[in-house]
1. Give me the residue from segment 75-123 that is among the small types (Gly, Ala, Ser) and not in a loop (DSSP other than H, G, I, E, B) and, out of that set, farthest from residue 36 (Cα to Cα).
2. Checking the condition small (Gly, Ala, Ser), on the phi > 0 side of the Ramachandran plot and at pLDDT 95 or above, which residue from 52, 62 passes?
3. Looking for whichever is without any contact (Cβ under 8 Å) to a residue 12 or more places away in the chain, more than 16 Å from residue 119 (Cα to Cα) and not aliphatic (A, V, I, L, M) here; the options are 3, 46. Which one fits?
4. Are any of the residues in segment 30-40 outside any strand (DSSP E or B), in contact (Cβ under 8 Å) with a residue 60 or more places away in the chain and surrounded by 13 or more Cβ atoms within 10 Å (Cβ to Cβ)?
Amino acid sequence: MPQSLARIWLHVVFSTKERRAYLQNERIRDELFRLLGHHASAIDCQPARVGGWIDHVHVLCGLARTMTVAQLIEHVKTESSKRIKDRAADLSSFRWQNGYGAFSVSQSNVDQVIEYIDGQAKHHGKMSFQDEFRLICAKHGIEIDERYVWD
């Protein structure tokens, strides 16, 4: 087969440094989500949905055939961080956490993940980011070391 084809959906989750609530302002939050989507798209990792809450983000995107997960995440974190720092004085110290979670999503579950991302505001009225991340990892069979996962 001379043609290489791939459709790999990723649900990527990462927080602000120390889970600081940098994204309380809805306008800034929405702008950051657009920036993340734009920078994923710029490297051919087409976003299906970007969302999150005041201290973290969820990105559902296709992984480009020539891109690694680490390259995708480094790019969107670096570029979005550079751009968002210029938006307001209280964002000058904005940083993302060092780590991330990246989870595979089957084509048949893409719509469910989109609904999940869209429901973040309601969801976080009942659950912290840490509890949410623990549950996502458990669902995917990933054990986390609490000493290192929260930076």
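The values are calculated or read from the model by the stated rules, or taken from the named source; none is laboratory data. Because the structure is predicted, anything quoted here is derived from the model rather than measured. Glycine gets a Cβ as well: all are built from the backbone with ideal geometry, and neighbour counts include every protein chain shown.
1. 108
2. Within the list 52, 62, the selection yields 52.
3. 3
4. no
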